[in-house]
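Since every read-out is calculated from the coordinates, none of them should be taken as a lab result. Not measured: the values here are computed from a predicted model. Reconstructed Cβ throughout: ideal geometry from the backbone, glycine too, with neighbour counts over all protein chains shown.
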Amino acid sequence: MDTMISPDNLSTREVIANPYPAYQQLRDRSPFNYVDLPAGTVPGIEGPITSWALMKYPDVYGVLRDHERFSSARNPLVGKAFPPLVLILDDPPRHTRFRRLVNKTFTLKRIEALSPWITSVANELLDEAGRGEIEIVERYTIPLPVKVIARLLGIPGEDYETFKQWSDAFLSLASMDNDQRMASIQEMVGYFGKIAAARRTESAEDLITALVEAEVEGEKLEEWEILGFCMLLLIAGNETTTNLMGNLFNILAARPKLWEQLRSDRSLVDPVIEETLRYEGPVHRLSRVTTADVELSGVQIPAGEIVTVYFAAANRDPAEFLDPDEFRLDRDLRNHVAFGMGIHYCLGAPLARAEAKISLNAFLDRFPVIKPGQAPAVRQTMTPVVYGFERLPLMLDGEG
Amino acid sequence: MHLVIDYKKCRKAAQCSYLHPELFKADQAGSPKVLVDHPGEELREAAEEAVELCPNGAISIVEDED
């Protein structure tokens, strides 16, 4: 049996690397108040940051749908630990206006049109990686999503190692020196500022041009709004898909029979991706702030408190999913909350699904066998927000 | 025209009811309903946007026969 995990340890590296035992132990007790970030983590805030953990499916779903009582904009860390990102840290009506602006870049149709290009990038990366034992995070799961989001934004994809460093720094609130973190964020702001200026002079067929030229109710976007958009899209388009694909291939490397089935029946590709999103989704938690006194599962939470929505704990709630700790394709795969729900539902969901699907098909085409590698796999532990691998060596082999 | 929701595809993300409350309403569990039986031409643009923006491709426009 696992040792008991204290709620105040939910943001420790041990739990970040392996959070599911904590969810299992603590879900029934939720909502409960806990220390989300220890004292001294956030500049300008002296004490620890406490939050209410929401781990039951109905609480999580209810909060995601209730953006009026659970605000994204009133997060006390905005401006202290984060620059003001648009959308994810917005409430209506601002959120609605911004969402309208970028929605059309990420529609199913647009993503479908982009798919042949994504497939060619996937195949190039796999050609370069070769066969045998391959560390897929460095060789594949990082570069693919960065190249794709770079193309949508209209920035050179070759800089992907820098992008990765920036977005890591952005998320590493609890594990990185704050001055270093802020310096990195400043660098990112400077970079996008230059690109935006260049697009004002000469437009291109990309999202940054669209943002620079966009008018919301007759007014151009402010500079910080444009930069906030770019940062959000780079970070959200990056870490999430990288970690989704790592989790996906790790799950399959442990299930040789399922790999064989997939090779002969590609209709299983979509269900496997959906069940991966539920079973080991890439985004584990995000926060809201209560705008009124609320009651969740019989617990009173006052106005002005931070609540943390544990998507991944809700996705393993036995009250919603039968045998939640088993990877099964014979369940209703539509109910997971891996992409959230309601107004903040992941803008990039169609893109993430397409990248995962294209990647899984490309691996299936090439590799009759997928197995864990000799070198150890390493989970990322820098941020509790995402769940995925820092290193994932896999044996990818066989004629095919 | 009228709007049809494919409930097999719908994942209850509630984007339709958020962006086009004049056409859709989601119930407590997130399941959307079409509010207007036969939207007029003045709602065509909104309807087309709803179709385009559904992340799960669950909404379609079916033209009425005269």
> Whose amide H sits under 5 Å from the amide H of A:THR50, counting only residues 5 or more places off or on another chain, with H placed in the peptide plane?
Replying inline: A:ASP36
> Can you list the lysines whose alpha carbon is less than 17 Å from that of B:LYS33, not counting same-chain residues fewer than 8 positions off?
Replying inline: B:LYS8, B:LYS9, B:LYS12, B:LYS25
> With the contact rule set at Cα under 8 Å and sequence spacing of 6 or more, what percent relative contact order holds for chain A?
Replying inline: 25
> Using θ = phi - 60° and the Karplus form 6.51 cos²θ - 1.76 cosθ + 1.60, what ³J(HN,Hα) does each residue of the stretch B:7-18 get, whole Hz, x for Gly and Pro?
Replying inline: 6, 6, 8, 4, 10, 6, 6, 6, 6, 5, 6, 6
>> Cut-off under 25 Å on the C-alpha distance; same-chain residues fewer than 8 positions from A:LYS80 excluded. Which lysines are left, in chain and number order?
In response: A:LYS164, A:LYS194
> What are the lysines whose alpha-carbon lies under 25 Å from the alpha-carbon of A:LYS371, with same-chain residues fewer than 8 places away excluded?
Replying inline: A:LYS257, A:LYS357
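Please give the charge dipole size of the stretch A:7-397, origin at the Cα centre, charges +1 on K and R Cβ atoms and -1 on D and E Cβ atoms. Round to the nearest 20 debye. Write down the numbers at each step before the final one.
Details: 42 positive and 55 negative charges, 106 e Å.
Around 500 debye, computed over the stretch A:7-397.
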> Arranged by the count of other C-beta atoms within 10 angstrom, fewest first, what order do A:ILE226, B:ILE5, A:ILE136 take?
Replying inline: B:ILE5, A:ILE226, A:ILE136
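Per residue of the protein assembly as shown, what 222 nm ellipticity follows from adding -39500 (n - 2.57) for every DSSP H run with n ≥ 4, rounded to the nearest 500? Could the numbers behind the result be given before it?
On the way: 17 runs with 193 residues, N = 466.
That calculation yields -12500 deg cm²/dmol at 222 nm.
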> Just the Cα atoms of the stretch A:338-400, one point each, no solvent: what log10 I(q)/I(0) does Debye give at q = 0.21, 0.22 Å⁻¹?
Replying inline: -1.02, -1.04
> Where does helix B:44-53 land angle-wise versus the long Cα axis of chain B, in degrees 0 to 90, nearest 10?
Replying inline: 30
> Given H placed on each backbone N at 1.01 Å, which residues far from A:GLU135 in sequence or on other chains put an amide H within less than 5 Å of it?
Replying inline: A:LEU394
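What is the fewest-to-most order of A:ARG110, A:ARG199 by other Cβ atoms lying within 10 Å of their Cβ? Each step should come with its number before you reach the end.
Working: A:ARG110 15, A:ARG199 20.
The order, fewest Cβ neighbours first, is A:ARG110, A:ARG199.
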> Using θ = phi - 60° and the Karplus form 6.51 cos²θ - 1.76 cosθ + 1.60, what ³J(HN,Hα) does each residue of the stretch B:20-32 get, whole Hz, x for Gly and Pro?
Replying inline: 9, x, 6, 10, 10, 9, 9, 7, 3, 8, x, 6, x
>> Can you tell me, using C-alpha contacts under 8 Å and at least 6 residues apart, the relative contact order of the stretch B:2-62 as a whole percent?
In response: 47
> So how do A:ASP265, A:ASP159 line up by other beta-carbon neighbours within 10 Å, fewest first?
Replying inline: A:ASP265, A:ASP159
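Restricting attention to the stretch A:218-280, which trypsin sites (Lys or Arg not before Pro) occupy a DSSP loop and are surrounded by at most 13 other Cβ atoms within 10 Å?
Working: sites: A:LYS220, A:LYS257, A:ARG263, A:ARG266, A:ARG278; in loops: none.
Nothing satisfies the criteria.
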